[in-house]
1. Among (1) in contact with a Cys (Cβ under 6 Å, 6 or more places away or on another chain); (2) at pLDDT below 95, there is one condition residue A:2 misses while meeting the rest; what is its number?
2. Answer yes or no as to whether residue A:175 is on the phi > 0 side of the Ramachandran plot, in contact with a helix residue (DSSP H, G or I) (Cβ under 7 Å, 6 or more places away or on another chain) and surrounded by 19 or more Cβ atoms within 10 Å (Cβ to Cβ).
3. Out of the residues in the range A:173-186 that are free of Cβ contacts under 8 Å to residues at least 40 places away in the same chain and touching a strand residue (DSSP E or B) at 6+ places or on another chain (Cβ under 9 Å), which is farthest from the other protein chains (Cβ to nearest Cβ)?
4. Taking the condition of being of a type in the set (A, V, I, L, M, F, W, C) and either part of a loop (DSSP other than H, G, I, E, B) or closer than 14 Å to residue A:241 by Cβ (or both), how many residues in the range B:72-84 meet it?
5. Applying the selection to the range A:194-240, what residues are assigned to a loop (DSSP other than H, G, I, E, B), among the hydrophobic types (A, V, I, L, M, F, W, C) and either more than 12 Å from chain B (Cβ to nearest Cβ) or touching a Ser or Thr at 6+ places or on another chain (Cβ under 6 Å) (or both)?
6. Assuming residue A:118 fulfils every condition listed in (1) away from chain B (no Cβ under 14 Å); (2) in a helix (DSSP H, G or I); (3) touching a residue at least 24 places away in the same chain (Cβ under 8 Å) apart from one, which condition is it?
7. Being over 21 Å from residue B:54 (Cβ atoms) and either at pLDDT 95 or above or within 14 Å of chain A (Cβ to nearest Cβ) (or both) is the filter here; which residues of the range B:79-93 pass it?
8. Looking at A:12, A:22, A:26, can you tell me which residue is more than 14 Å from every other protein chain (Cβ to nearest Cβ), at pLDDT 95 or above and in a loop (DSSP other than H, G, I, E, B)?
Amino acid sequence: MTDLRLSATQLERYSRHVIMDEVGPEGQARLLAGSVLVVGAGGLGSPVVQYLAAAGVGRLGIVDDDVVDRSNLQRQVIHADGDVGRPKVESAREFVDRLNPDVTVEPHELRLSADTIATLPDYDLVVDASDNFATRYLLNDYCALEGIPLVHGAIYRFEGQLTTFENDGDGPCYRCLFPEAPEPGTVPDCATTGVLGVLPGTVGCIQATEAVKLVLETGEPLTGRLLVYDAMDMRFDTVEVRQNPDCPLCGEEPTIESIHDVAYEGRCTLSAD
Amino acid sequence: MTQQWKLFADLAELAGEREVTVDTAPGETVGDALDALLAANPDLETRVRDDDGTLRPEINVLRNGADVASEDGLGTELEADDELALFPPVSGG
C-alpha cells in the first residue's frame, strides 16, 4: 500500500511534479515507493541515476563491477576526478546521497551472471545501461522470463538504440530483433572506436524518462518500437519491433526456458552441454 | 530505378558512408538490392553474410522502417522510393 502523505520538504522538493495532473501527489508517492535496478554506472547509467534520484525513486539498485577510470569522465557525469580508482557503485552512491536524501541506493558491486542475478533483491523494473552483449542478453532473458519491465539503451560512436520491453507476456523481446549476439570481435567497443561524450547523456535521459513513466504508469512507453538516434545528422528514426514467432525466448516454440540454459558469452546462445 | 540504402553503426563505417544508392530493375527484390549493395562493398559483405552467403541473424533488413522478415524476407519485391536500411545491434553503454 502506497503511503500518499508527502512531507512539507517533499512537497517543496517535488512541487513541479506535484502540480501536474499527470503526476500529482499520488504519482510522486508512487515514485517514492518505487524501485529501479540500473545495470551499469557508466555513460548511460550516469544520467539514469541522476534523473531517477532527482525524481525521488525511493530505492535505486546500481550494478557495476568496475572502478572509475580517468577516460570515463568525458561522459560518465556522476563520477569526478577525485573518484578515479574508486568503485563506480560507491561513487554513484555518494552522488545520490548528496542529491536526494529520499533515495536509498543499493550498490551491487558485481558482474551480472546467471548466478549473481538471482542474488539481487526484487525491483519494479530494470534499466539496461550495460556495455556488453553478454549482460544485455542475460538481462533480456531474465526480465522476459520473470515478467520484469526492461528499458533498453545502447550506444555506438554517434548513434543510440532505445526500446522498452514491458514483458507482460505479449513480447516482443530483444531476441525478436537480434536472436543472438554478433560474433565476438565484429562490433568494436567504445575504447576502440570512441564515443561522443554527450551521446549517452541523450540516450540515458530517454531511458530515465521511460523508467519514470513506467513507475507512474502513465504515457506511452517505447513498446514495439526501437528508437534509433543519430547524433551526427540529429535524426530519430523509429523501427517497428514485432514479436518474432521464431524467437528462441518468446516465440511459438521457445528453446530458452531458463537463463541457466544459455552461455552468456560469445553469441549468447544455448549452452553446448 | 534507384534504391537508397541507409546503414547504421559499424556497417556505415565499413561501407565508408551512411547512405548508398544502388540501381535495381523493375520486379527485383530486396535481396537483389542487397546483392548490389554488397557487391560494391566487400568488407560489408563479410560482416552482413556468413561464408554460406546467409544473412547473419543479428543483421536486420528494413524496408520503409519495418523488418522484411514480416513480409517476404529478402524475396520482398521492391517498389519505387522504398527506403532500405541495414542495422546491427550495438552494445556500448
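The values are calculated or read from the model by the stated rules, or taken from the named source; none is laboratory data. Since the model is a prediction, treat every value here as computed from it, not as a measurement. Here Cβ is always computed from backbone atoms with ideal geometry, including for glycine, and neighbour counts include all displayed protein chains.
1. If we test residue A:2 against (1) in contact with a Cys (Cβ under 6 Å, 6 or more places away or on another chain); (2) at pLDDT below 95, just (1) comes out false.
2. Against the criterion (on the phi > 0 side of the Ramachandran plot, in contact with a helix residue (DSSP H, G or I) (Cβ under 7 Å, 6 or more places away or on another chain) and surrounded by 19 or more Cβ atoms within 10 Å (Cβ to Cβ)), residue A:175 does not qualify.
3. Among those that are free of Cβ contacts under 8 Å to residues at least 40 places away in the same chain and touching a strand residue (DSSP E or B) at 6+ places or on another chain (Cβ under 9 Å), it is A:174.
4. So the count comes out to 2.
5. A:198, A:222, A:231, A:234
6. Of the numbered conditions (1) away from chain B (no Cβ under 14 Å); (2) in a helix (DSSP H, G or I); (3) touching a residue at least 24 places away in the same chain (Cβ under 8 Å), the odd one out for residue A:118 is (3).
7. Looking only at the range B:79-93, we keep the residues that are over 21 Å from residue B:54 (Cβ atoms), and these are B:79-83, B:90-93.
Scanning the range B:79-93 gives B:83, B:90, B:91, B:92, B:93.
8. The unique qualifying residue is A:22.
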